[in-house]
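K.L.:
Here's a structure for you.
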Amino acid sequence: GGQPGHRSEEHVFSLKSIIAKYRSQGKLMIIQTSDIAKFFDKELIEDAILTSMKRGANSKACRLWYELNRGTQIRVRTGVGMTKYVEAGALVGQGTIAGALVSQAVLDDGISGVFAPGGQDKLNYGSVPVSPLIFQDDVIHGAGGIKEARLANDKMDIVVKSLNLRLNQDKTVCLVMGTTKQKVKVKRELEAKPLMCGNFETQLKDQFKWLGQILLSGGLSDYVSCKVAV
């Protein structure tokens, strides 16, 4: 979604294709979304440099980029004017040159290193394992059951802690799709033993918005009905 020549809508198309396939087969799926809290201004610039070097960036350009961001100072515009400058140190700041591209690369490396392709926590589209979908600081992942969903949350917790980040609890939620019987069973199990991500509970929702698209537990037909109603 963040690569040149591609659009975020490609992620949405892939996700909807998987939803349609699993629903047509009567299979359960749990969609989990994770949102990085204050993605910019928190990420370590050392991780950004290592990721850039790993991907073949020019070493002199990396050094120059580091020097440009080493002594970062920030201030905030408020209703009564600008605050004083505060020394923030070496970090990847929002709006800085290449900040968005490099930050997404760091998150991609972190998730790719933990969510191995074809792992047991993956959904599959035919014979193709589907890895977590990422656009900037928004991550979405599908699991075929509660056990797999718990494993995915454990992995996501490892990723954010290894990168010195944290998750936005209000936007880190899950959605259960499947038959009525399957959804009732999952909800009962989660009431008895909540789905945790680190030290907080992943809230179960009937709908949430991801990349501007509304996802509903009833599937694509509910989405169409929702859009028509609007």
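The values are calculated or read from the model by the stated rules, or taken from the named source; none is laboratory data. Everything quoted here is computed from the prediction, not taken from an experiment. As a convention, Cβ positions derive from the backbone with ideal geometry for all residues, glycine included, and neighbour counts pool all protein chains shown. Ligands, DNA and RNA are excluded from the accessible area calculation, which covers all protein heavy atoms including side chains. Shrake-Rupley method; radii C 1.70, N 1.55, O 1.52, S 1.80 Å.
K.L.:
Which residue, of Gly56, Gly89, Gly95, Gly1, is at pLDDT 85 or above and surrounded by fewer than 19 Cβ atoms within 10 Å (Cβ to Cβ)?
P.N.:
Values: Gly89 fails: at pLDDT 85 or above; Gly95 fails: at pLDDT 85 or above; Gly1 fails: at pLDDT 85 or above.
The match here is Gly56.
K.L.:
Looking at the range 61-75, I want the residues that are open to solvent by less than 100 Å² (accessible area, probe 1.4 Å) and have a partner that is among the hydroxyl-bearing types (Ser, Thr, Tyr) and modelled with pLDDT of 85 or more with Cβ atoms under 8 Å, at least 6 apart or on another chain. Which pairs are those?
P.N.:
From the range 61-75, the pairs are Cys62/Ser52; Trp65/Ser52.
K.L.:
Of all residues in the range 121-140, count the ones that are under 18 Å from Asp157 (Cα atoms) and modelled with pLDDT under 80.
P.N.:
Counting residues in the range 121-140 that are under 18 Å from Asp157 (Cα atoms) and modelled with pLDDT under 80 gives 4.
So that you can scan it fast, the table gives a plain yes or no per residue for (1) open to solvent by 60 Å² or more (accessible area, probe 1.4 Å); (2) modelled with pLDDT under 90:
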{"site": "Gly144", "(1), (2)": "no, yes"}
{"site": "Ile158", "(1), (2)": "yes, no"}
{"site": "Ser162", "(1), (2)": "yes, yes"}
{"site": "Glu189", "(1), (2)": "yes, no"}
{"site": "Leu220", "(1), (2)": "no, yes"}
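K.L.:
Could I ask something else about it? Conditions first: (1) modelled with pLDDT under 80; (2) of a type outside the set (Phe, Trp, Tyr); (3) in contact with a Ser or Thr (Cβ under 6 Å, 6 or more places away or on another chain). Gly118 passes all but one, so which condition is the exception?
P.N.:
Against the list (1) modelled with pLDDT under 80; (2) of a type outside the set (Phe, Trp, Tyr); (3) in contact with a Ser or Thr (Cβ under 6 Å, 6 or more places away or on another chain), Gly118 comes up short only on (3).
K.L.:
Then there is this: For a quick check of your reading of the model, give me the residue pairs whose first member lies in the range 98-117 and is touching a residue at least 60 places away in the same chain (Cβ under 8 Å) and of a type in the set (Ser, Thr, Tyr), whose second is crowded, with 17+ Cβ neighbours inside 10 Å and not in a helix (DSSP H, G or I), with beta-carbon atoms closer than 7 Å and at least 6 apart or on different chains.
P.N.:
Cβ pairs passing all conditions: Ser103/Phe39; Ser103/Phe40; Ser103/Glu43; Ser103/Val92.
K.L.:
Would you check which residues across the range 23-32 are out of contact with any helix residue (DSSP H, G or I) (no Cβ under 7 Å at 6 or more places or on another chain) and under 20 Å from Leu151 (Cα atoms) and list them? Spell out the reasoning first.
P.N.:
Narrowing the range 23-32 to residues out of contact with any helix residue (DSSP H, G or I) (no Cβ under 7 Å at 6 or more places or on another chain): 23-27, 31.
Scanning the range 23-32 gives Lys27, Ile31.
K.L.:
Can you name the condition, by its number, that Ser127 falls short on among (1) buried (at least 19 other Cβ atoms within 10 Å of the Cβ); (2) out of contact with any helix residue (DSSP H, G or I) (no Cβ under 9 Å at 6 or more places or on another chain); (3) small (Gly, Ala, Ser)?
P.N.:
(1)
K.L.:
A follow-up question, please. Can you tell me which residue is most open to solvent (accessible area, probe 1.4 Å) among those in the range 27-53 that are in a loop (DSSP other than H, G, I, E, B) and within 15 Å of Leu163 (Cα to Cα)? Before the answer, list the steps.
P.N.:
In the first step, residues of the range 27-53 are kept if they are in a loop (DSSP other than H, G, I, E, B); the result is 27-28, 37-43.
Applying the additional criterion that residues be within 15 Å of Leu163 (Cα to Cα) yields 37-43.
On the way: Ala37: 13, Lys38: 136, Phe39: 7, Phe40: 39, Asp41: 64, Lys42: 100, Glu43: 4 Å².
It comes out as Lys38.
K.L.:
Let me ask something else about it. Under the condition of being aliphatic (A, V, I, L, M) and touching a strand residue (DSSP E or B) at 6+ places or on another chain (Cβ under 6 Å), which residue from the range 130-142 is surrounded by the fewest Cβ atoms within 10 Å (Cβ to Cβ)? Show your work before the answer.
P.N.:
In the first step, residues of the range 130-142 are kept if they are aliphatic (A, V, I, L, M); the result is 130, 133-134, 139-140.
From what is left, the residues that are touching a strand residue (DSSP E or B) at 6+ places or on another chain (Cβ under 6 Å) are 130, 133, 139-140.
On the way: Val130: 16, Leu133: 22, Val139: 24, Ile140: 22.
Checking each candidate, the answer is Val130.
K.L.:
Something else now. Could you list, in sequence order, all residues of the range 169-186 that are open to solvent by 40 Å² or more (accessible area, probe 1.4 Å), in a loop (DSSP other than H, G, I, E, B) and within 24 Å of Arg7 (Cα to Cα)?
P.N.:
none
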